[in-house]
Amino acid sequence: MKQIASCLLLLLVTSPLAQVQGQSPSQTMSSAFFQEQVPREQMPPDQQAPPPRLSTPAKVQQQIEQHLNSEPALQNSRVSVDVDEDVVVLGGTVGTEQQHDLALRIAQSYAGDRKIVDKIKLTQQT
């Protein structure tokens, strides 16, 4: 008797699952839920969204200046930084091409989508 009751219970539980499997995905409740979660418009894979503007010009300038001043390789250089909404302007002097490249990389790492204007001059060491 227990076996018959177990079989009936198993049949009752699995019959709704069999009906759901026979339906198209748009007819099931869970499929409708997942369809609503998918964004309707997606950016094409060959395009990227522009990076968000996360920091104010003053914050970006402060970050660049702090990193330039704390970099041991730039100890004997004098790099100035001026930042607005669209541009980061680097000026001043450095002693080597490596220092020049390093200052540019530091500025680029904090600039976000701002354009970098390079006005750094290389001094001749004697």
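The values are calculated or read from the model by the stated rules, or taken from the named source; none is laboratory data. Source: prediction; values computed, not measured. Don't worry about glycine lacking a Cβ; one is built from the backbone with ideal geometry, like all the others, and counts go over all protein chains shown.
Things worth noting here:
- Consider region 53-71 and keep the residues that are under 22 Å from the mean Cα position of the chain (by Cα) and surrounded by 15 or more Cβ atoms within 10 Å (Cβ to Cβ). The one that is modelled with the lowest pLDDT is SER55.
- Output for region 72-126, where each listed residue is part of a strand (DSSP E or B), among the basic types (Lys, Arg) and surrounded by 13 or more Cβ atoms within 10 Å (Cβ to Cβ): ARG78
- Here is the figure for region 85-97: residues that are modelled with pLDDT of 95 or more and in contact with a helix residue (DSSP H, G or I) (Cβ under 8 Å, 6 or more places away or on another chain) total 3.
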